[in-house]
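Student: One structure, pasted below without further comment.
The values are calculated or read from the model by the stated rules, or taken from the named source; none is laboratory data. Predicted model, so just to flag it, every value in this text is computed and none were measured. Cβ placement follows ideal geometry from the backbone for every residue including glycine, while neighbour counts extend to all protein chains displayed.
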Amino acid sequence: MLIAQPEQAMQWAADPAPPASEYPDSYWRSLYFFNVYRVIVAVLLLAVVAIWRDSPQFGSHSLTLFVVTAVFYVLFSILCFTLTRIRWRFNLQLTVQVAADIGFIVTLMRASGGISSGLGLLLLATLAGAALIGRGRLTLFYAALASIAVLLEHTYAVLNHDAAIAQYVQAGLISGGYFATAWLAHTLARYAAASEQLAAQREVDLANLAQVNQLVIQDMQDGVLVVDAGGVIRQINARAERMLGSLREHRDMLLKDYAPALAVSFEKWRDGSGGIDANSGPLFNNTLNASFVPIGRTRQVGAVIFLEDLSRAQTQAQQMKLAALGRLTANIAHEIRNPLGAISHAAELLQEEPAINDTTKRLLAIIHDNSRRIDRMVNDVMRLNRGERAQRESLVLVDFLKIFVEQFCAIEKIPSETFAIELHATPRVLFDRSHLDQVMWNLCRNALRYCQRRHASICIRVSSVRSGSIVRLDIVDDGPGVPPESRSQLFEPFFTTDTGGTGLGLYIAREICDANGAIVEYVETPSGAQFSVLCRTGG
């Protein structure tokens, strides 16, 4: 996905004999130019004889043999082009071509007077080219083959009394030159193979690094722009486009055309002197903060611009403050429980005294009611701070609702006819049983507080949405509904319209639903109030 595979590129450089189908284009391209060299040499030799027929240099021993050999050399070179194009058996083609070069050139030497013609030097280029093309394979074999051919040619000339024995020294020297050229080309080919392997690995590493950098930059929470010396945007991540606006596929745009205010800060930073002043301060109505980091040693080369969303930083700071405040509130609530319990217990004892008047009873009732309210608020705060982890299980929702309604009606001392359950589906839900019970208690207690307490004043509806993957649980009452000005604050902590409420019921219900992968929301209706819980099916 992310990483390009270097195996093939490395295999071509290190494997002594890869399969013919795996030879890269560079091998066949080199063999093609090797054939071009062969054609040029053969045509030039033929042209020299055709133009300077009286020249004693080429074909001096047998002009007919020289011309025929040169013609066949040209035809063989043309045939090699065809074989190279079909890319058939690279190693075999190279070996056959080198052997043919040796045969043709040695024959031309025989037709031109042997070793003294100087045509044997042409084999130096052939051996060097074969070594480089074959990456050093069979190089010494080709040199040995050329040396044997030259020595045999001179031996034939000596036996026919055409050449002097003393010219064996010249033949030996040129044979030594073949081996020296082959060995040097073999060494260079090894270095070339190692360099090719290293270059392939570095190419893969650079490609991987570029892709990793691209992914990191795109996923950064800060905006990133890369600007060159001319003020042209060379790279920008998605976060920066969300902050400054989309480039609309117009790449290489000038920074001053895309974000003029940022361009002004960039020019001021670039024209600065002394140490690196990497922070330009707030921009765009104090919503963004720009930081500049030079690409090279000087600021004139360009810069990487980091854009920080100050609103996000402020939100994080606010969340940290709320977390600290939550811990403080939980500690305070824990300290309140003991004196609160003592006050409530003392009030209950006073209510049992026989000689108390009505005024005292009324005051004690006020103390008792407010103690219960504070105790309920303390319990809510403690439960909210614990943040119990959800233990989700698959529940039969219909059975759960029947048991819940019975318990709710018994504890609240209301008739069961107050509730109506409408089943448009009978699904299972994935939810923590105790958490779902707590959410239903909070929502149904609110519904009971504002409903008319008549037959079916509270309606619980069960249905499936999104092709059965989501279960919708609606709690609807026939009360006055939620005022429009209060709907945006329904799920905020400590917000309540009831003088006896804590303002934490709906907030805790939302947090519990989040922990279970569910959503609780208020739905506007023509009359009454409706809260909906969207949760996943339990399979």
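Student: Go through segment 72-87 and give me each residue that's surrounded by 19 or more Cβ atoms within 10 Å (Cβ to Cβ) and either assigned to a loop (DSSP other than H, G, I, E, B) or among the hydrophobic types (A, V, I, L, M, F, W, C) (or both).
Tutor: Listed by number, the residues that qualify are Phe76, Cys80.
Student: Considering every residue within segment 467-490, establish whether at least one is outside any helix (DSSP H, G or I) and among the hydroxyl-bearing types (Ser, Thr, Tyr). Spell out the reasoning first.
Tutor: Applying the first criterion (outside any helix (DSSP H, G or I)) to segment 467-490 yields 467-483, 490.
Those left that are additionally among the hydroxyl-bearing types (Ser, Thr, Tyr): 467, 469.
Yes - at least one qualifying residue is present in segment 467-490.
Student: Between a first residue in segment 226-245 that is surrounded by 15 or more Cβ atoms within 10 Å (Cβ to Cβ) and a second residue that is in a helix (DSSP H, G or I) and modelled with pLDDT of 80 or more, which pairs have beta carbons less than 6 Å apart while being 6 or more apart in sequence or on different chains?
Tutor: Qualifying pairs under 6 Å: Val227/Leu255; Gly231/Leu255; Ile233/Leu255.
Student: What is the residue count in segment 358-379 for residues that are among the basic types (Lys, Arg) and at pLDDT 75 or above?
Tutor: Just the residues of segment 358-379 that are among the basic types (Lys, Arg), to begin with: 361-362, 372-373, 376.
With at pLDDT 75 or above added as a condition, the list becomes 361-362.
Here the count works out to 2.
Student: Working only within segment 131-141, note down all residues that are in a helix (DSSP H, G or I) and at pLDDT below 80.
Tutor: Here is the first cut: in segment 131-141, the ones in a helix (DSSP H, G or I) are 131-133, 139-141.
Once the filter is applied, which keeps residues that are in a helix (DSSP H, G or I) and at pLDDT below 80, segment 131-141 yields Ala131, Leu132, Ile133, Thr139, Leu140.
One line per residue, one yes/no per condition, for (1) closer than 14 Å to Phe58 by Cα; (2) assigned by TED's automatic domain parsing to the domain that holds Gln170; (3) crowded, with 24+ Cβ neighbours inside 10 Å:
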site: Arg89; (1), (2), (3): no, yes, no
site: Leu94; (1), (2), (3): no, yes, no
site: Ala100; (1), (2), (3): no, yes, no
site: Met109; (1), (2), (3): yes, yes, yes
site: Gly113; (1), (2), (3): yes, yes, no
site: Gly120; (1), (2), (3): yes, yes, yes
site: Thr139; (1), (2), (3): no, yes, yes
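Student: Also: Among Ala163, Ala157, Ala171, Ala185, which is crowded, with 21+ Cβ neighbours inside 10 Å, at pLDDT 75 or above and either within 17 Å of Leu119 (Cα to Cα) or in contact with a Ser or Thr (Cβ under 9 Å, 6 or more places away or on another chain) (or both)?
Tutor: Numbers: Ala163 fails: at pLDDT 75 or above; Ala157 fails: at pLDDT 75 or above; Ala171 fails: at pLDDT 75 or above.
Of Ala163, Ala157, Ala171, Ala185, the one residue that is crowded, with 21+ Cβ neighbours inside 10 Å, at pLDDT 75 or above and either within 17 Å of Leu119 (Cα to Cα) or in contact with a Ser or Thr (Cβ under 9 Å, 6 or more places away or on another chain) (or both) is Ala185.
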